[in-house]
Amino acid sequence: MRIIAGSRKGHRIAAPKGLATRPTSDRVRESAFNLIGPLEDASVLDLFAGSGALGLEALSRGAARATFVESDRDACRTINANLDTLRLTGARVLCQDALRFLAADRGRYDLILLDPPYDLVERLEPRFAAALPRLLADDGLVVYETSSRQEPSLPLAPRTSRRYGSVRLTLFEPLA
């Protein structure tokens, strides 16, 4: 995997070993960030971060801050190693359960990157629905990655939903 654009364009990033994480492909990441648009000085939350590829891409593209939340210790070590290798600043890696984080965090984020395990989406969606509107900045955006067969639903305004092979990206913004 590589960083697609920005200050670290072309740099390789590592993914955790094994099957516990499912890194977002370069093609899907590129498509997501084309839909997201400019990120200058944005505050980013990368939930179920895995390799951190989405949040790392956001930092490379000008985001000021990124919070990576991942429960797998090996994945957290990989995110930290990627941050060190890329010399990216403004990041914090929290090795904890994403649902606990959502229940406790009081921050506001311009961009929330949500990539839960596909088989847990339906069960977790009520918890996402309760927390994400509170955490999303007034002009913020949620990028929700699911299986292409899933139609995610949140109490936010859907901006677009696109399929890329077996993956669906659905973008949500605050209700007007």
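A short reminder: the numbers here are calculations on the coordinates, not readings from a lab. Bear in mind that the values here come from a model prediction, so they are computed numbers and not experimental data. Virtual Cβ from ideal backbone geometry, glycine too; neighbours counted across all protein chains shown.
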Cβ pairs under 6 Å, 6+ apart, first in region 113-140 and buried (at least 17 other Cβ atoms within 10 Å of the Cβ), second part of a helix (DSSP H, G or I) and not small (Gly, Ala, Ser): Leu113/Leu54; Pro116/Leu124; Ala131/Leu102
Number of positions in region 41-61 that are more than 17 Å from Phe101 (Cα to Cα) and either surrounded by 24 or more Cβ atoms within 10 Å (Cβ to Cβ) or touching a residue at least 24 places away in the same chain (Cβ under 8 Å) (or both): 10
Some residue of region 104-112 being buried (at least 17 other Cβ atoms within 10 Å of the Cβ), within 20 Å of Ala176 (Cβ to Cβ) and acidic (Asp, Glu): yes
Listing of strands (runs of 3 or more DSSP E) fully contained in region 48-123 that carry 3 or more residues being closer than 24 Å to Gln150 by Cβ and not basic (Lys, Arg): 65-70, 109-114
Meets criteria (under 21 Å from Arg2 (Cβ atoms) and out of contact with any Leu (no Cβ under 8 Å at 6 or more places or on another chain)) for Ala81: yes
Residue within region 138-147 that is closer than 19 Å to Gly37 by Cβ and among the β-branched types (Val, Ile, Thr) present: yes
Which listed residue is in contact with an Asp or Glu (Cβ under 9 Å, 6 or more places away or on another chain), surrounded by 15 or more Cβ atoms within 10 Å (Cβ to Cβ) and over 21 Å from Pro117 (Cα atoms), from Ala64, Ala32: Ala64
